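*Asks:* This is the structure I have questions about; it appears just below.
The values are calculated or read from the model by the stated rules, or taken from the named source; none is laboratory data. Every value quoted in this text rests on a predicted model; they were computed, and no experiment measured them. All Cβ positions, glycine included, derive from the backbone under ideal geometry; neighbour counts span all protein chains shown.
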């Protein structure tokens, strides 16, 4: 469940003013599969509102859809997923032009600014397995790249805690309800967006200006 508007406003008040000024610097993935044409990536990193907004801002990304992955079609509904008992994670499906942005670059943004990969079954105020960090791979190349990058970041001790991100097969992706699509763009002054999603976008602008749409 999302926090109440009052709780979200309190969270905003507690956010350090320097949070957005220190984007995390990560190495480029050592293994970045060479792909051509339109490709699809499915990533889960907590509340899909902010994750969607981050990837929508990238040049080469054609479309991002918020949805559910990891559970059944019958349980792919927001109220059910919010119970934490369906096996689903809130996720985003990213359709991108591999000639303009690579899968490795998407992974780098995912780990650097889209979420905190060291949090287990939660992101910030959102708690439960539906908010877990996961990479749902659709090909052997994606699986190899994701696992290699996690090893690379772990070996370099990039994060102060162990990376909790899982790499799992994408069986299916189910788009979320219409009210969850483009939520940040449509609700820029929503208290949750102000507290948790706007800082991600600011870090994205600072860390990856060369990747942004113009």
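*Asks:* Of the conditions (1) assigned to a loop (DSSP other than H, G, I, E, B); (2) in contact with a helix residue (DSSP H, G or I) (Cβ under 8 Å, 6 or more places away or on another chain); (3) surrounded by fewer than 16 Cβ atoms within 10 Å (Cβ to Cβ), residue 117 clears all except one; give me its number.
*Replies:* Condition not satisfied by residue 117: (3).
Condition check ((1) surrounded by 15 or more Cβ atoms within 10 Å (Cβ to Cβ); (2) in contact (Cβ under 8 Å) with a residue 60 or more places away in the chain; (3) over 17 Å from the mean Cα position of the chain (by Cα)) across all residues:
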{"position": "37", "(1), (2), (3)": "no, yes, yes"}
{"position": "47", "(1), (2), (3)": "yes, yes, no"}
{"position": "58", "(1), (2), (3)": "yes, yes, no"}
{"position": "65", "(1), (2), (3)": "yes, yes, no"}
{"position": "73", "(1), (2), (3)": "no, yes, yes"}
{"position": "77", "(1), (2), (3)": "yes, yes, yes"}
{"position": "86", "(1), (2), (3)": "yes, no, yes"}
{"position": "96", "(1), (2), (3)": "yes, no, no"}
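*Asks:* Do any residues in the range 181-202 that are under 13 Å from residue 64 (Cβ atoms) have Cβ atoms under 6 Å from those of residues that are surrounded by fewer than 17 Cβ atoms within 10 Å (Cβ to Cβ), where the two are at least six apart or on different chains, and which pairs are they?
*Replies:* Listed by first residue and then by second, the contacts come to nothing, as the list is empty.
*Asks:* Going through 110, 159 one at a time, which residue ends up being crowded, with 16+ Cβ neighbours inside 10 Å, touching a strand residue (DSSP E or B) at 6+ places or on another chain (Cβ under 8 Å) and at pLDDT 95 or above?
*Replies:* Answer to the selection: 110.
*Asks:* Can I ask one more? Does any residue of the range 171-179 turn out to be over 18 Å from residue 103 (Cβ atoms), in a loop (DSSP other than H, G, I, E, B), in contact with a strand residue (DSSP E or B) (Cβ under 6 Å, 6 or more places away or on another chain) and at pLDDT 95 or above?
*Replies:* Yes.
*Asks:* List the number of the failed condition for residue 141; all other conditions in (1) touching a helix residue (DSSP H, G or I) at 6+ places or on another chain (Cβ under 9 Å); (2) assigned to a helix (DSSP H, G or I); (3) crowded, with 17+ Cβ neighbours inside 10 Å hold.
*Replies:* (3)
*Asks:* Between 148, 164, which is part of a loop (DSSP other than H, G, I, E, B) and surrounded by 16 or more Cβ atoms within 10 Å (Cβ to Cβ)?
*Replies:* Within the list 148, 164, the selection yields 164.
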